[in-house]
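Written out below as structure tokens is the structure these notes cover.
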Amino acid sequence: MIMKKEKQKPETGRRITFRLSFTEWQNLDTLRRKSNCRTVSSLIRKSLFDGKIKLITYDQSLDKVMEELSAIREEIRCIGVNINQATRKLHQSSSAEGRLYSVMEITRLYQQTEQKVTALFAIVSNLSRRWLPE
């Protein structure tokens, strides 16, 4: 007599049901939104078995700083383009007055760059004081 092998069912999870108060549910859901968990169930499983939940925080105060840094970056890029154009005029100019004017223009643009870099260093030093441990 030939016996058939029984099909083995894949292991399915076991359901545990319990009740939470509305406040408890809200607290868990708030924690879920701040974490990398998609559901409250996965949050509870992670906290029970892993003991660690990764919270994702967003600091809105840095939005303004990022806008300032982006603006300074764009201004420095534009100044660099202007320096390249003035340098090209300097090399193409045959008259002494044209060359002098180009050199003065390049000097002025480098001074603007220095001002922007100074502003950039001020922002970075404020960020480092705020975020880096002493």
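The values are calculated or read from the model by the stated rules, or taken from the named source; none is laboratory data. On a predicted model such as this, the values are computed, not experimentally measured, just so you know. No Cβ is skipped: glycine too gets one built from the backbone with ideal geometry, and neighbour counts run over all protein chains shown.
Here are a few things to note about the model shown:
- Residues satisfying the stated conditions in the stretch 98-134, i.e. more than 23 Å from Gly80 (Cα to Cα) and not polar (S, T, N, Q): Leu127, Arg129, Arg130, Trp131, Leu132, Pro133, Glu134
- Condition met for Ala71 (more than 30 Å from Thr39 (Cα to Cα) and touching a Leu at 6+ places or on another chain (Cβ under 7 Å)): no
- Failed item, numbered, when Arg73 is tested on (1) modelled with pLDDT of 90 or more; (2) over 29 Å from Leu127 (Cα atoms); (3) not hydroxyl-bearing (Ser, Thr, Tyr): (2)
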